Amino acid sequence: MSIVAGCDVGSLTAKAVIMKNGKIIGSHIIKSKPRPKDSADAALEGALSAAGVSKADIAYCIGTGYGREKIDFVNEVVSEITCHGKGARWMLPTAETVIDIGGQDCKTMKLDKDGNVDRFAANDKCASGTGRFLEVMAKVLHIDIDELGKLSAKAKNPITLASTCTVWAQADVIKYINSGVSIEDIGAGVNTAMAVRVAILVNAVKPEGDIFMTGGVAKNIGVLETLEKLIGKRIKRSRKADPQMAGAIGAALLSMEKIDGSGNNRLK
Amino acid sequence: MQLLEKLCQIAENPYAYAEKIKGDARTPIIGYFCSYAPEEVICAAGAVPFRIFGTRGDISLADAHLQSYCCSLARGGLEDALTGRLSFLDGTVFPHTCDSIQRLSDIWRLNGGFSFHSDIVLPVKLDTPSARTYMTAVLRDFRDELAAALKVPLTDDDLTSAVRTVNQIRKHLGDLYAAHSKTPGILSAKALHQVIKAAMVMDRKEAAADLAALLESLGLDNPPTVADSGRKRVILSGGICNHPDLYSLMEVAGADVVWDDLCTGTRYVEGLVGETGDPIAAIAERYMERMVCPAKHSDNTARGRNLVELARTHQAGGVIFLFLKFCDPHAFDYPYLKQFLDEAGIPSMVLEIEERLPPEGQMKTRIESFVEMI
């Protein structure tokens, strides 16, 4: 069985995954650099090093994410919606509805029996409901973005943000900080505001079956649990891999299908 | 393909073309916003009907008159009128369609500074005998109004001659569409979009001649048969599209736009006007028989059935709805159109656009995902 790779260059992070025999043998994630090409090179180098293989060992590589067109080592590019769908189905084989919150957008997908995207909805209005929203708020709160999710469980009296516009919400958060509201209550309000935006999109595709979440925000327990309450359904977890890697995993899986002719994807 | 280049350049910069044809002869040019503007009447009066597509520039002056929740077609058109970019116009005609265009008409009349202004208060329901009578009457009034303003006789013979010219344009464009659907590589969807836009602003006799020559140069009598390229086929549905690059983005994503249901597309081409008998009644008849736009009514499901039929006829794998932001009539029709497509198993997606396209990254991702999905 050949070694394949998937590289997902997003607006906030770049991820690379190396797979062999359908198993991940190396992966790496970095903060995106200004140039997508540099991000892709660094992410792949880290993943190759983790897998203990060289670039020459890679039989096929698919690029995805917003920087996909600028990656020079990939054999082809596929949109991240298709890759996240594929990666989500691998991480949770029963997944039918996938929520992917990336750095600059948010999508929900319905998958068919083969893991192909049957229907999707994507935000197209503004940055609220995206990873960038949480990043901006974490910065204002002077906390690590990974800490933001845990604040919801500790909140006693969560605030309600007056606006979900990232710019106005930032001003709102500063006002609460200055009026002495606890970081936990503000953080919980931020997570709720995010979940409310995402819920609108989730409901647009009429979620059915098992629901799974990918992207960096899937690791924010505050958003995840609030979203579960808002859509009235449980979002399943998987320990198979980091949900933030789902796009790169999907790209690697599609690479594998490409060279061995397996799978039933609709790509040419 | 110098001719194709010429037509694309006119579509790219229609105002420069209008200034040129106005020239020393001061050829009258009448602006319009909608496919319900009877351009045969305008041609018969010796004027050039000039379709306004909105603006390519920033919108600032228009926002003092229109709310920001008006579509970019209304705001952009007014911007170009107020900045003087449309100063070559001798007047404008506003057929009664959506609320924004109706209100724009009032603002235009008061602030545009054009000598001729006409509202054609068309019927909304187009499936009744009384609507036919009424439609004919208002078109006749428009004929008299325009003839008086331009001080021309505007005879039935003038009208019949204009009907023949515009019919030729429709036939040629229809042939181009059919050939493009059969063999998408024969000319790009972007080029076809540019050609049809050029036909909406050009001197119609020149447009008819150029289109005939273009068809001949493409050798459409015996179009090449291409093997199944494996490329996806999509249909666009909506109002106006002023973004040729959108067609290229779809092409790069692996899909050919093989047909459309757009005001800047087949809505302009569909149906011919009868060339015998009362020309005004014949023009009215075409509007009554043509598939309605969402600002008009025929029956509750006509557009849905038509869209499914178009997708099947042209073997399209999916439909992309292209809506101008804040275009209420198209948004009102969307849920039922989508329902018809869903029931027929035809995937669809909405792209909302304004005078500028959304950030390219997000739009490309959505288009590519859709193309991968169908």
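Provide a single number: the residues in the stretch A:47-69 that are open to solvent by 20 Å² or more (accessible area, probe 1.4 Å), in contact with a Ser or Thr (Cβ under 9 Å, 6 or more places away or on another chain) and over 17 Å from A:V4 (Cβ atoms).
1
Restricting the stretch A:74-100 to residues that are of a type in the set (D, E, K, R) and more than 12 Å from A:K110 (Cβ to Cβ), which is most open to solvent (accessible area, probe 1.4 Å)?
Restricting attention to the stretch A:74-100, the residues satisfying the condition of being of a type in the set (D, E, K, R) are A:76, A:80, A:86, A:89, A:96, A:100.
So of that shortlist, the ones also more than 12 Å from A:K110 (Cβ to Cβ) come out as A:76, A:80, A:86, A:100.
Values: A:E76: 44, A:E80: 6, A:K86: 19, A:D100: 3 Å².
Filtering first and then ranking leaves A:E76.
Looking at the stretch B:361-374, which of its residues are within 7 Å of chain A (Cβ to nearest Cβ) and either open to solvent by less than 20 Å² (accessible area, probe 1.4 Å) or closer than 27 Å to A:D114 by Cβ (or both)?
B:Q362, B:T365, B:R366, B:E368, B:S369, B:E372, B:M373
When the stretch B:331-342 is examined, which residues are found to be acidic (D, E) and within 14 Å of chain A (Cβ to nearest Cβ)?
B:D342, the sole residue that qualifies.
For A:K23, work out the one condition from (1) in contact (Cβ under 8 Å) with a residue 12 or more places away in the chain; (2) over 21 Å from A:D144 (Cβ atoms) it doesn't fulfil.
(1)
Among the β-branched types (V, I, T) and either within 14 Å of another protein chain (Cβ to nearest Cβ) or within 16 Å of the chain's Cα centre (by Cα) (or both): which single residue out of A:V117, A:V140 fits that description?
Result of the check over A:V117, A:V140: A:V117.
Keeping to the stretch A:19-43, report how many residues are under 18 Å from the mean Cα position of the chain (by Cα) and open to solvent by less than 10 Å² (accessible area, probe 1.4 Å).
The total comes to 3.
Considering only the stretch B:343-355, how many residues are facing chain A (nearest Cβ under 8 Å) and farther than 29 Å from B:G76 by Cβ?
Of the residues in the stretch B:343-355, 1 are facing chain A (nearest Cβ under 8 Å) and farther than 29 Å from B:G76 by Cβ.
In the stretch A:61-81, which residues are more than 8 Å from every other protein chain (Cβ to nearest Cβ), out of contact with any Cys (no Cβ under 7 Å at 6 or more places or on another chain) and not in a helix (DSSP H, G or I)?
The answer is A:I62, A:G65, A:G67, A:D72, A:E76, A:V77.
Table: residues versus (1) at pLDDT below 90; (2) in the same structural domain as A:L12 (by TED's automatic domain parsing); (3) crowded, with 24+ Cβ neighbours inside 10 Å.
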| site | (1), (2), (3) |
| --- | --- |
| A:V223 | no, no, yes |
| A:K229 | no, no, no |
| A:G232 | no, no, no |
| A:G247 | no, yes, yes |
| A:G261 | yes, yes, no |
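Is there a residue in the stretch B:281-299 that is of a type in the set (G, A, S) and either free of Cβ contacts under 8 Å to residues at least 40 places away in the same chain or over 30 Å from B:D141 (Cβ atoms) (or both)?
Looking through the stretch B:281-299, none of the residues is of a type in the set (G, A, S) and either free of Cβ contacts under 8 Å to residues at least 40 places away in the same chain or over 30 Å from B:D141 (Cβ atoms) (or both).
Could you list, in sequence order, the residues of the stretch B:168-203 that are more than 12 Å from the chain's Cα centre (by Cα) and among the β-branched types (V, I, T)?
The answer is B:I169, B:T183, B:I186.
Take A:E184 and tell me if it is open to solvent by 20 Å² or more (accessible area, probe 1.4 Å), within 14 Å of chain B (Cβ to nearest Cβ) and at pLDDT 90 or above.
no
Can you say whether B:D106 is part of a helix (DSSP H, G or I), of a type in the set (D, E, K, R), out of contact with any Phe, Trp or Tyr (no Cβ under 7 Å at 6 or more places or on another chain) and open to solvent by 40 Å² or more (accessible area, probe 1.4 Å), as far as the supplied structure shows?
Taking the combined requirement at face value, the residue satisfies it.
Looking at the stretch A:82-113, which of its residues are in a helix (DSSP H, G or I) and within 11 Å of chain B (Cβ to nearest Cβ)?
The answer is A:T82, A:C83, A:H84, A:G85, A:K86.
For B:P358, work out the one condition from (1) open to solvent by 10 Å² or more (accessible area, probe 1.4 Å); (2) within 14 Å of another protein chain (Cβ to nearest Cβ); (3) outside any loop (DSSP other than H, G, I, E, B) it doesn't fulfil.
Condition not satisfied by B:P358: (3).
So A:A252 fits all but one of (1) in contact (Cβ under 8 Å) with a residue 60 or more places away in the chain; (2) in contact with a helix residue (DSSP H, G or I) (Cβ under 8 Å, 6 or more places away or on another chain); what number is the exception?
Result: A:A252 passes all but (2).
Inside the stretch B:181-215, can you point out the residues that are touching a Phe, Trp or Tyr at 6+ places or on another chain (Cβ under 8 Å) and of a type in the set (D, E, K, R)?
If the condition is that a residue be touching a Phe, Trp or Tyr at 6+ places or on another chain (Cβ under 8 Å) and of a type in the set (D, E, K, R), then B:K190, B:K197 are the ones that fit.
The values are calculated or read from the model by the stated rules, or taken from the named source; none is laboratory data. This is a predicted model, so every value here is computed, not measured. In this analysis, Cβ positions are derived from the backbone assuming ideal geometry, glycine residues included, and neighbour counts consider all displayed protein chains. To get the accessible areas, we keep the full protein, side chains included, count just its heavy atoms, and leave off ligands, DNA and RNA. Shrake-Rupley method; radii C 1.70, N 1.55, O 1.52, S 1.80 Å.
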